[in-house]
Amino acid sequence: MKHMTTRAALAALVLAVAPAAVGQDWEDEWEEEATANQPSTIQLKVCNRSSHDALVAVSYIPVGEKRFYNRGWFRVDAGDCNNIVETINSNFYFYADADGSDLYWGGSHTLCVEYPGPYNFYSTNANTCGSGQETRGFQPASMDEYGTFTWNLDP
């Protein structure tokens, strides 16, 4: 009889402890999965809310790089939104020309572009642009967390 009592006590102990252990494992796995599903980059997106097609230039640090990279021209048709590039750096710059008009979107940060493009080059510390390049005022932007940053081209 004593053998049965010990076995019953052991079963009761296992049942009492097991749900907490199983629950803890489930919570740990859930936290790991939730962390894994969070984006670890910033997706730069442009939404063209104007009635003109736009050509967009961007300066950003590509994933896995340490220097600013300048790229243009990404076409964003009127009414469309396009993902342009991805970065892990919280600071980046945009410029856009409206196709076939004098309309443009920019800001106060001067960077070099190339026409007609496309172009790709790393930023340098030089105060002048290279051959075939000219300056444009880019819109500075930043984001404090990972996810999607949307730059809207308003009419």
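The values are calculated or read from the model by the stated rules, or taken from the named source; none is laboratory data. Predicted, not measured: the structure shown is a model, and the values here were computed from it. Please note: Cβ atoms are built from the backbone with ideal geometry, for glycine as well, and neighbour counts cover all protein chains shown.
Residue-by-condition table, conditions (1) modelled with pLDDT under 95; (2) in a strand (DSSP E or B); (3) in the same structural domain as MET143 (by TED's automatic domain parsing):
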residue: ALA8; (1), (2), (3): yes, no, no
residue: ALA16; (1), (2), (3): yes, no, no
residue: VAL56; (1), (2), (3): no, yes, yes
residue: ASN70; (1), (2), (3): no, yes, yes
residue: GLY79; (1), (2), (3): no, no, yes
residue: ASN83; (1), (2), (3): no, yes, yes
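Assess whether ASN82 counts as being closer than 21 Å to ASP53 by Cβ and under 14 Å from the mean Cα position of the chain (by Cα). So ASN82 passes the test. Do you know which residues across the stretch 53-75 are closer than 17 Å to LEU103 by Cβ and surrounded by 19 or more Cβ atoms within 10 Å (Cβ to Cβ)? Once the filter is applied, which keeps residues that are closer than 17 Å to LEU103 by Cβ and surrounded by 19 or more Cβ atoms within 10 Å (Cβ to Cβ), the stretch 53-75 yields ALA54, LEU55, VAL56, ALA57, GLY72, TRP73, PHE74.
Select from the stretch 132-155 the residues that are of a type in the set (Val, Ile, Thr) and in contact (Cβ under 8 Å) with a residue 40 or more places away in the chain and list them in ascending order. First the steps, then the outcome.
The initial filter retains those residues of the stretch 132-155 that are of a type in the set (Val, Ile, Thr), namely 135, 148, 150.
Passing the criteria: THR148, THR150.
Quick check on my filter: what residues within the stretch 110-120 are surrounded by 16 or more Cβ atoms within 10 Å (Cβ to Cβ) and either in a loop (DSSP other than H, G, I, E, B) or within 23 Å of the chain's Cα centre (by Cα) (or both)?
Initial filter on the stretch 110-120 (surrounded by 16 or more Cβ atoms within 10 Å (Cβ to Cβ)): 111-114, 119.
Matches in the stretch 110-120: LEU111, CYS112, VAL113, TYR119.
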